[in-house]
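Beneath this line is the structure, given in structure tokens, with notes to follow.
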Amino acid sequence: MIEYRNLRVAVLGGGSVGSQVTALLLEHADELAARAGAGLEVVGVAVRDIDAPRDTDIPKELLTTDAESLIVGADIVIELIGGLEPARTWILKALHSGADVITANKALLAHHGAELFEEAAQVGAQLYYEAAVAGAIPIIRPLRDSLAGDRVERILGIVNGTTNYILDRMDATGDSFDTALAEATRLGFAEADPTADIEGYDAAQKAALLASLAFHTRVPLDAVHREGITSVTAEQVVAARKAGYVVKLLAICERVLAADGSTEGVSARVHPALVPLTHPLAAVHGGNNAVFVEAEAAGSLMFYGAGAGGIETASAVLGDVVSAARRHVIGGPGVAESTHANLPILPIARVMTRYQITLTVVDEPGVLATIAAVFSDHEVSVEAVNQTVGAVVEGVPSATLITVTHEATDESLAATVAALAESSVVREVVSVLRVEGL
């Protein structure tokens with residue numbers, strides 16, 4: 001029988017993910033040791049309340065409320081408590097002591113990632129975070145390692161299961177946003193306070209991490225354009241389906257040219273978008289996640305699977321545990337954060353995109369010419385127009401006009417919408433959605 005050296009593993013957090021990670025470390029200890037080349041000894045699990053109910057049974061002798069005592073002397077620290085503090089302080093303490101750290105804390109990395117990665121580099125430790133972006137889906141390691149020799153051009157991601165469930169239900173059943181949200185809450189897809197999900201904050205944090213990694217450039221959270229899905233209506237979803245699209249909340253990270261047309265920069269944004277039914281992301285249903293990567297040499301790649309869940313996320317955490325253990329066995333410093341490109345972060349105004357604009361207009365001769373002139377004045381080309389007769393409002397017939405544009409800068413398209421809203425022939429700008437994935 002092979003004898004392995006032991007590595008001391010401290011788990012911070014005994015919630016849904018923490019309890020599953022601990023249970024799997026104990027249950028599969030021999031198998032994990034064979035894969036890692038070292039024994040993985042769980043020295044303790046830090047929790048707020050030792051007697052609180054848990055998803056899995058953790059031996060009570062492992063539970064403690066003294067997290068700092070666990071960190072001291074640990075070779076690997078797994079942080080699964082979430083939030084900014086005390087997670088930041090404890091991770092810094094662990095790194096400073098020379099331990100490798102594994103975290104699923106996307107909020108912490110989005111806010112304080114630069115500080116944490118710098119500390120890891122200073123002491124030669126490694127900070128792993130595969131579980132921070134898309135649950136069980138392996139995306140961090142492929143971007144960092146597998147595509148390290150390629151040039152990533154663009155990432156389109158469905159990275160929040162709650163919003164994908166809501167929009168998918170609205171598409172499948174015709175539910176309103178409020179009805180779909182209530183069902184998501186009942187089934188456990190949405191938290192009691194779903195603000196972080198439905199307003200796009202969670203997806204924006206993940207977009208900042210993906211963009212930083214893919215483009216070797218630190219992308220701060222406040223540079224990510226963010227829009228949520230609360231304004232998406234059942235009527236928009238139905239109209240999208242009729243036009244050959246579905247509505248998805250996308251995290252989009254891409255290389256963009258600056259205003260001078262030659263300097264390259266990076267854009268990261270989160271917003272609802274129309275995705276063609278022919279695109280692979282259109283087939284991502286329920287609470288699942290998917291990340292679609294476009295690379296220069298590799299072409300198009302999609303990573304798909306469960307974006308949340310205790311045992312699913314535990315899979316990603318344990319993958320990082322094995323990687324950390326192998327590094328300890330082999331020796332040498334950790335892999336530093338790659339920010340060598342240091343590209344400028346460009347605003348959404350510079351992004352080239354398409355809009356679908358739905359208007360209620362006065363139904364009279366010359367209206368189409370007036371609308372066309374507004375687009376022309378802003379140098380925006382129209383790809384398709386669909387008009388349907390509407391109701392009579394205040395004695396004047398109205399019509400619904402759905403216009404899809406060709407690519408233009410977001411700045412030009414936003415200015416076009418503003419001008420349309422001021423036009424005498426436009427009664428209402430009913431909806432505006434960007435079109436992605438063409």
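The values are calculated or read from the model by the stated rules, or taken from the named source; none is laboratory data. Note that the structure is a prediction, hence the values are computed from the model and not measured. Methodologically, a virtual Cβ is constructed for each residue, glycine included, from the backbone with ideal geometry; neighbour enumeration extends over all protein chains shown. Surface accessibility is based on the protein's heavy atoms, side chains included, excluding ligands, DNA and RNA. Shrake-Rupley method; radii C 1.70, N 1.55, O 1.52, S 1.80 Å.
Values computed for the structure shown
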read-out: Answer residue from segment 58-99, given it is of a type in the set (Ser, Thr, Tyr) and part of a helix (DSSP H, G or I) and is farthest from Ala125 (Cα to Cα) among those; value: Ser69
read-out: Enumeration of residues in segment 404-428 that are assigned to a strand (DSSP E or B) and over 29 Å from the mean Cα position of the chain (by Cα); value: Val426, Arg427, Glu428
read-out: Test: residue in segment 336-356 that is more than 28 Å from Pro220 (Cβ to Cβ), part of a helix (DSSP H, G or I) and touching a helix residue (DSSP H, G or I) at 6+ places or on another chain (Cβ under 8 Å); value: no
read-out: Ile102, sole failed condition from (1) within 30 Å of Thr65 (Cα to Cα); (2) in contact (Cβ under 8 Å) with a residue 40 or more places away in the chain; (3) open to solvent by 50 Å² or more (accessible area, probe 1.4 Å); (4) not in a loop (DSSP other than H, G, I, E, B); value: (3)
read-out: Inter-residue pairs, beta-carbon under 9 Å, first closer than 22 Å to Gly82 by Cβ and in segment 112-124, second surrounded by 14 or more Cβ atoms within 10 Å (Cβ to Cβ) and aromatic (Phe, Trp, Tyr), 6+ apart; value: Gly113/Tyr129
read-out: Filter pass, Ala384 being out of contact with any Lys or Arg (no Cβ under 8 Å at 6 or more places or on another chain), of a type outside the set (Ser, Thr, Tyr) and surrounded by 13 or more Cβ atoms within 10 Å (Cβ to Cβ); value: no
read-out: Subset of segment 219-233 that is outside any strand (DSSP E or B) and of a type in the set (D, E, K, R) - its residue that is nearest to Asn160 (Cα to Cα); value: Glu227
read-out: So Asp55, is it in a loop (DSSP other than H, G, I, E, B), open to solvent by 40 Å² or more (accessible area, probe 1.4 Å) and within 21 Å of Ala104 (Cα to Cα); value: yes
read-out: Tally, over segment 329-347, of residues that are surrounded by 19 or more Cβ atoms within 10 Å (Cβ to Cβ), within 30 Å of Gly39 (Cα to Cα) and not charged (D, E, K, R); value: 1
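Residue by residue, here is whether (1) over 16 Å from the mean Cα position of the chain (by Cα); (2) open to solvent by less than 10 Å² (accessible area, probe 1.4 Å); (3) closer than 27 Å to Ala107 by Cα holds:
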{"residue": "Ala211", "(1), (2), (3)": "no, yes, yes"}
{"residue": "His216", "(1), (2), (3)": "yes, no, yes"}
{"residue": "Ser262", "(1), (2), (3)": "yes, no, no"}
{"residue": "Gly307", "(1), (2), (3)": "no, no, yes"}
{"residue": "Ile311", "(1), (2), (3)": "yes, no, yes"}
{"residue": "Ser315", "(1), (2), (3)": "yes, no, yes"}
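Every residue, every condition in (1) open to solvent by 30 Å² or more (accessible area, probe 1.4 Å); (2) in a helix (DSSP H, G or I); (3) not basic (Lys, Arg), yes or no:
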{"position": "Thr163", "(1), (2), (3)": "no, yes, yes"}
{"position": "Arg169", "(1), (2), (3)": "yes, yes, no"}
{"position": "Asp178", "(1), (2), (3)": "yes, yes, yes"}
{"position": "Ala184", "(1), (2), (3)": "no, yes, yes"}
{"position": "Ala204", "(1), (2), (3)": "no, yes, yes"}
{"position": "Ala207", "(1), (2), (3)": "no, yes, yes"}
{"position": "Glu235", "(1), (2), (3)": "yes, yes, yes"}
{"position": "Val247", "(1), (2), (3)": "no, no, yes"}
